[in-house]
Amino acid sequence: MNDKEIYAALTQVFRDVFDDDDITLTPTTTADDIPGWDSQAHVNLVVAAETRFGIRFRTAELESLHNVGDFVQLIATRRKGA
């Protein structure tokens with residue numbers, strides 16, 4: 001799965017979690033850019049992404065993320081090892 005495919009799948013995850021079909025992700029997207037992205041939504045995003053991509057994230061990995069681009073790279077890295 002390449003970055004473009006990850007962005008497409010992750011965009012759908014975000015749209016489902018936030019119930020907003022207008023969400024468009026970029027590498028620089030952060031929680032400040034999406035209304036309603038609070039700690040509970042963050043947990044829901046992580047669980048939904050784990051389910052969608054068939055991987056599990058470690059807490060330390062998630063704590064190092066600064067934006068969606070970092071998340072995409074983490075998913076790509078983890079999928080290579082899966």
Given the conditions (1) surrounded by 14 or more Cβ atoms within 10 Å (Cβ to Cβ); (2) modelled with pLDDT of 95 or more, report the number of the one that Arg78 does not fulfil.
-> (2)
Index of the failed condition, Tyr7 passing every other in (1) touching a residue at least 60 places away in the same chain (Cβ under 8 Å); (2) among the hydroxyl-bearing types (Ser, Thr, Tyr); (3) touching an Asp or Glu at 6+ places or on another chain (Cβ under 9 Å) | (3)
Name every residue in the stretch 7-30 that is open to solvent by less than 40 Å² (accessible area, probe 1.4 Å), under 22 Å from Ala76 (Cα atoms) and assigned to a helix (DSSP H, G or I), in order of residue number.
-> Ala9, Leu10, Thr11, Val13, Phe14
Filter the stretch 31-49 down to the residues that are among the β-branched types (Val, Ile, Thr) and open to solvent by less than 70 Å² (accessible area, probe 1.4 Å), then identify the one that is nearest to the chain's Cα centre (by Cα).
-> Val46
Among (1) loosely packed, with under 13 Cβ neighbours inside 10 Å; (2) in contact with a helix residue (DSSP H, G or I) (Cβ under 9 Å, 6 or more places away or on another chain); (3) in a loop (DSSP other than H, G, I, E, B) - the single one His66 does not satisfy | (2)
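The values are calculated or read from the model by the stated rules, or taken from the named source; none is laboratory data. Here the structure is a predicted model, which means the values were calculated and not measured. Positions of Cβ are backbone-derived with ideal geometry, glycine not excepted, and every protein chain shown enters the neighbour counts. The accessibility values were calculated without ligands, DNA or RNA, using every heavy atom of the protein model including side chains. Shrake-Rupley method; radii C 1.70, N 1.55, O 1.52, S 1.80 Å.
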